[in-house]
Amino acid sequence: MSQLTDQVAVVTGGSRGIGRAIGLELARRGATIVVNYLNESQLDNANETLTAIQAAGSNGMLVPGDVSTEDGSSNLIKAATDAYGRIDILVNNAGITRDNLIMMMKPEDFDAVINVNLRSTWLCSRAAVRSMMRKRYGRIVNIASVSGILGQAGQTNYSASKAGIIGFTKALAREVASRNVTVNAVAPGFVLTDLTKDLPEELTKQLNQLIPLGRWGTVEDIARAVAFLVSEDAAYITGHVLNVDGGMAM
Ligand code: NAP
């Protein structure tokens, strides 16, 4: 297992679900974790995550804030840099859904999903990339989705945001490659979290039939892929989209 000792990682939306698993996996490998989340009402989740990070033998801090806003994203990166003097790894994971058929989808549901999923990725990367370029090292991983590759009915907003993340990943990878900053995306398939727990049973059954490996992913499946992409083993990989989806998008 490649080690991340002395590295500082910022994980947006890191208080629960996939983001929590990513923080924990990076912590197990020695990184210090800055855990972002949105709602003060979710402080218990965030505290649980920090306790688990400490139990894994690492350390970190909680930074609440809305990363889809300029203030929220720049405060997060500033808080991490002020506390630890550096950011080596940024995982843009915060995400939401507001599913509906296009005829019923309200413009505010389109905007909210684009802002939280795509705009936050752009804002946090913009805030973090300067210091990464200056020290000639950085790893950015953006959490996309199989929906951004295949498209998903009822998710025109979400699929567009995730396809946007893929385009953004490749463009930024080209911009910063000469400074030894890599930018990759992980595209999960279906993973059981708060985001997916309320999908209609009928849809879940249909989706199961589309997964060649015959099971939903676990949060740990996604976290290990992220850990690989930020490790020294992936030093020569940039602009890549790693599908972690049981074969759905092959
Ligand atoms: P989740 O369990 O609903 O967790 C979402 C996390 O994002 C929470 O920590 C939440 O904070 C945070 N968040 C939401 N809006 C935010 C904002 N504006 N600013 C800061 N943090 C915000 O979701 P998940 O399933 O783990 O999904 C994580 C990522 O994986 C998302 O990008 C999602 O699109 C992607 N993904 C998930 C699946 C899946 O099947 N689950 C599949 C493909 C891709 P609070 O706790 O404070 O609300």
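Using a cut-off of 27 Å between Cα atoms, the listed pairs K135/K162; K170/K205; K135/K170; K78/K106; K78/K170; K170/K197 include K135/K162; K170/K205; K78/K106; K170/K197 as exceeding that distance. Working from Cα pairs under 8 Å separated by at least six residues, relative contact order for the chain is 19 percent. I want to make sure I understand the PRE zone here: with the label point 7 angstrom from the Cα of L43 toward its beta carbon, which residues in segment 58-87 have backbone N atoms less than 19 Å away? Answer for segment 58-87: 60-67, 76.
Each peptide in 88-100, 64-76 receives the mean, over its residues, of other Cβ atoms within 10 Å, and ordering these scores from highest gives 88-100, 64-76. Note on segment 8-243: Kirkwood radius taken over Cα pairs, Stokes-Einstein applied at 20 °C and 1.002 mPa s, translational D equal to 121 µm² s⁻¹. In this Cβ point-charge picture (+1 for Lys and Arg, -1 for Asp and Glu), the chain has a dipole of about 900 debye about its Cα centre. In the chain, a dipole from Cβ-located charges (positive for Lys and Arg, negative for Asp and Glu) runs towards its positive end, and of A27, I211, T238 it is T238 whose Cα lies farthest in that direction.
For the peptides 122-129, 146-153, the ranking by mean Cβ contacts within 10 Å, running from highest to lowest, is 122-129, 146-153. Residues of segment 1-26 with backbone nitrogen within less than 14 Å of a virtual label 7 Å along the Cα-to-Cβ line of Y236, please, listed as ranges. Answer for this model: none. By how many degrees, between 0 and 90 and to the nearest 10, does the Cα long axis of helix 70-84 differ from the longest principal axis of the chain? Roughly 40 degrees between the two axes. Mean sequence separation of contacting Cα pairs (under 8 Å, at least six apart), scaled by the length of segment 122-250, corresponds to a relative contact order of 31 percent. Extending 7 Å from the Cα toward the beta-carbon at both D111 and D198 defines two label points whose distance is 2.2 nm. For segment 130-137, 3J(HN,Hα) computed residue by residue from phi via the Karplus equation (6.51, -1.76, 1.60; θ = phi - 60°) reads 4, 6, 5, 5, 4, 8, 6, 7 Hz, glycine and proline entered as x.
Figure legend: label point modelled 7 angstrom from the Cα of T69 along Cα→Cβ; residues of segment 112-130 with amide N under 19 Å from it are 112-128. Compared with the dominant Cα axis of the chain, that is its longest principal axis, helix 43-55 is turned about 50°. So what's the gap between the Cα centers of segment 175-250 and segment 36-75, to the nearest angstrom? Here the two parts' Cα centres lie 22 Å apart.
A short reminder: the numbers here are calculations on the coordinates, not readings from a lab. These numbers were taken from a predicted model, which means no experiment stands behind them. Heads up, the Cβs are rebuilt from the backbone with ideal geometry, glycines too, and the neighbour counts pull from every protein chain shown.
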